[in-house]
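Colleague: Below is the structure I would like to discuss, written out as structure tokens.
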Amino acid sequence: MEYATAANMDAAATHESPAEEAALIAALKRGEDAAFVTLVQRYGDYLYRVALRVTRNETEAGEAVQEAFISTFRGIARFESRSALRTWLHRLVVNAALMRRRAVERKAEVSIEDLAPEVDLEREPQPEWNFTESVETQAARDGVRRAVNEAIDRLPEQYRILIVLRDIEGYDTREVAQMLDDTEGNVKVRLHRARTALKRQLEPLYRAKAI
Amino acid sequence: MNVLARIQRFLTYWVIKVTHGMLTCGEADRFMVDYLEYRLDPEVRERFENHLENCICCKDFLAAYRRTVELARACAEPAAPPAGPRMPPALMEAIIAARRGAAPPS
């Protein structure tokens with residue numbers, strides 16, 4: 001299931017040639033002030049959007065970005081070019097955003113039971129569901145975008161974050177488990193429940209001629 | 001779904017499961033994450049797909065589940081530039097200033 005997403009369209013916006021990237025990394029390793037300014041200008045908006053997706057809070061997102069850039073500055077000597085600079089920065093800002101998110105984690109947990117019962121096998125055939133329209137076409141409509149994002153936001157935080165990390169930011173299940181300091185098995189179970197809960201909320205969009 | 005239909009469905013699955021080793025809906029449900037990530041063993045994948053061929057309910061469920069994942073990805077906000085939010089200029093200045101005051105690379 002690979003296609004254009006907000007996350008990878010964002011990523012494409014920061015694309016640079018391997019030679020440019022190598023030159024930037026070398027300059028950063030030499031501690032050049034101008035290189036750091038270039039880094040912040042080139043990746044700042046991208047990382048800020050990633051942090052916003054994780055934290056849903058402008059202040060926390062800003063602090064996460066700042067932390068990620070300072071970590072980059074301090075750790076650039078150890079950076080090995082096995083992964084792209086963008087991938088490394090992405091991971092740094094997600095980790096920083098997750099730490100911020102933990103610091104302000106919600107006071108009261110919302111139960112997911114109303115959105116998706118744990119055992120949900122009371123299924124029926126759904127002849128009126130229609131998926132002939134492409135995802136891109138459907139997602140291009142403002143009403144659909146709004147409905148999907150509102151539905152994601154309604155998920156309890158510990159489920160929402162799995163949709164963000166796994167389905168939007170594109171980390172695999174093992175990486176998500178590491179980030180959240182949880183087991184892969186737990187992540188899979190909660191991810192399935194999060195997707196099921198989201199699906200339930202979005203079912204009106206799946207009926208033919210819904211929007 | 002009325003009671004008779006449920007009983008009929010239950011019996012049908014168990015007969016097929018016993019005679020053909022087909023997964024139940026509950027078992028198929030547990031494999032959905034791995035199925036979409038191509039992480040099922042070939043034998044389990046085949047049983048999962050067999051189940052879908054025989055269970056319109058799970059087939060419809062999976063279609064909507066897959067579309068849900070796809071829509072979450074495609075609709076993620078903030079949108080990509082130039083429409084999406086940008087880092088506030090003051091924050092950019094603060095980061096550059098903070099770096100000047102931070103310890104140098106080790």
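Colleague: Report, as an integer, the average count of C-beta atoms from other chains found within 10 Å of each Cβ along B:88-100.
Modeller: On the way: counts 4, 1, 1, 10, 10, 1, 2, 13, 8, 0, 5, 11, 3.
So the per-residue partner count for this stretch is 5.
Colleague: Using a 10 Å cut-off around each Cβ of peptide A:90-99, what is the average number of partner chain Cβ atoms that fall inside?
Modeller: Details: counts 0, 0, 0, 0, 0, 0, 0, 0, 0, 0.
Rounded to a whole number, the mean comes out at 0.
Colleague: What are the ³J(HN,Hα) values, in whole Hz, obtained from phi via the Karplus relation 6.51 cos²θ - 1.76 cosθ + 1.60 with θ = phi - 60°, for each residue of segment B:51-64 in sequence order, with x given for Gly and Pro?
Modeller: 4, 4, 5, 9, 10, 5, 5, 5, 5, 5, 4, 5, 4, 6
Colleague: Please arrange A:Phe73, A:Phe131 by how many other C-beta atoms lie within 10 Å of their C-beta, fewest to most.
Modeller: The fewest-first ordering by Cβ neighbours comes to A:Phe131, A:Phe73.
Colleague: Measure out, as a whole number of angstrom, how far apart the alpha-carbon centroids of segment A:30-66 and segment A:155-211 sit.
Modeller: Rounded to whole Å, the Cα centres lie 25 Å apart.
Colleague: Which far-off residues, 5 or more places away or on another chain, put their amide H under 5 Å from the one on B:Ala76, with H placed in the peptide plane?
Modeller: A:Ala6
Every number in this text was worked out from the coordinates using simple rules, so none of it is lab data. From a predicted model like this one, the values you see are computed outputs, not experimental measurements. Ideal geometry is used to build each Cβ from the backbone, glycine not excepted, and the neighbour counts take in all protein chains shown.
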